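Rule-based calculations on the coordinates, nothing more; no lab input. Quick caveat: nothing in here was measured; it's all calculated off a predicted structure. All Cβ positions, even for glycine, are placed from backbone atoms using ideal geometry, and neighbour counts span all protein chains on display.
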Amino acid sequence: MNIRVQAAAPAQRKAHPPARELGFGHYFSDHMLLWNQDAERGWHDARIVPYGPLSLDPACMALHYAQQIFEGIKAYHGDDGGLRIFRLSKYVERMQRSALRMCMPPPEGEGLQQAIRELVLLDREWVPTDPGSALYIRPNMIAADPYLGVRPSQSYLLYVITSPVGAYYPEGFNPISIMVEDRYVRASQGGVGEAKTGGNYAATLLSQIDARRQGYTQVLWLDGRERRYVEEVGTMNIFFRLDDEVITSPLTGTVLPGVTRDSVLEVLRQWGECRVTERRLAIDEVTDAARSGRLREVFGTGTAAVVSPVSQFAYKGEVYRVGDGQTGPLSRRLFDHINDLQHGRLPDPLGWAPRIDT
Ligand SMILES: Cc1ncc(COP(=O)(O)O)c(C=O)c1O
């Protein structure tokens, strides 16, 4: 694919913030990718331009009917100085599936991967080098027709921006506490829960604020029908270790098929030390296990934090402790292993973290 590049002029280039101030999602690199699609021309006019505001018609359909999808991917600066993007093809495939669910034309996979690699290479100075930091890559696709009325748009804009992000755990690998939501639901069977579309996130804000007010970091969602089976947490999938069985909810349409979830399942199966199951898990089974001391570890998985250990959770007014309330050994080991793969410190037989700069 031919991608036109308009490099930012020196005056358009921004100062790089100090590593300790990066946080998550506050800063953006110098360039962005734009790519258009319509029925007549298909995907066309891929171009990299200086980062800046988009000009949108106020009637732009994405702004009214939320026909929109996005992704979240990371590029890493390896110990050998190389640049790596973790499992890029897997994220692109998920974006294609989200597109189909939201009645949008899936972006051409090879083309999108190439475009992302070129964007990251052009802004390679923006890939932070401090331990734990990365360049977060955010592809976003929106319905672009200026039209009022509910139907699929006939034109789309896909754009990609990138953001240097700091270590998710600047003060160490600290466990979080979560609140089990038994009032609101995030998704239900037949809905759009498995698509990465903005409305799924807007729907979680009320619960998130409530959880924060009560001193919890994240919300654990239960299934939409019975409010009984655990699904996922905030922007992470969730795993429970009951004795030596590690359980995560199956992908039945209501849970985002996390790339980190998939990586963790694969690594656990390679290690072969625990029984790994994707099955429905009732919250009552989790509370019983916590009471009887069988609940050894709970952790979330996601691109932002990789692995996020959980030390306690609240359900129907009761607080349950996980294991001894500290980060569990499996969470720690998984975090280190995936982090090492992402930075090129381990052999990579599955080709998850290829260098993009050679
Ligand atoms: C709702 C939700 N679940 C799970 C995840 C974890 O997915 P991944 O590991 O691909 O980042 C995310 C983050 O993308 C998410 O937004």
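The Cα atoms of the stretch 90-236 give a gyration tensor whose axes a ≥ b ≥ c have a/c of 1.5 or more with a/b no greater than b/c, which makes the shape oblate. Each of 5, 247, 65 was scored by the projection of its Cα onto the charge dipole of the chain, and the greatest displacement toward the positive side belongs to 65; charges sit on the C-beta of Lys, Arg, Asp and Glu.
Over the chain, Cα pairs under 8 Å with separation of 6+ residues give a relative contact order of 18 percent.
Evaluated with a Cβ-only charge set (Lys, Arg +1; Asp, Glu -1), the chain carries a dipole of roughly 320 debye about its Cα centre, given to the nearest 20. Under 28 Å Cα to Cα from residue 74, which lysines show up? Leave out anything in the same chain fewer than 8 places away. Here the lysines satisfying the reach criterion relative to residue 74 are 14, 90, 196.
What FRET efficiency, computed as 1/(1 + (r/R0)^6) with R0 = 22 Å and r the Cβ-Cβ distance, is obtained for residue 59 and residue 38, rounded to the nearest 0.05?
Working: r = 16 Å, r/R0 = 0.74.
Calculated transfer efficiency: 0.85.
The calculated 222 nm mean residue ellipticity attributable to helices in the chain amounts to -7000 deg cm²/dmol, summing -39500 (n - 2.57) over DSSP H runs of n ≥ 4 and dividing by all residues.
Roughly how far apart, in whole Å, are the Cα centres of the stretch 162-194 and the stretch 236-265? Spelled out, the Cα-based centre of one part sits 13 Å from the other.
Order these peptides, 305-312, 132-139, by their mean beta-carbon neighbour count within 10 angstrom, highest first.
Details: 305-312: 23.5, 132-139: 21.6.
For the peptides 305-312, 132-139, the packing ranking is 305-312, 132-139.
Between residue 275 and residue 348, the distance separating the two model label sites (each 7 Å from Cα on the Cα→Cβ line) works out to 3.5 nm. Put a plus charge on the Cβ of each Lys and Arg, a minus charge on the Cβ of each Asp and Glu, and nothing anywhere else: the dipole of the stretch 221-358 about its Cα centre is then about 180 debye. Helix 329-342 versus the longest principal axis of the chain: what angle, 0 to 90°, nearest 10, using Cα atoms? Roughly 20 degrees, rounded to the nearest 10.
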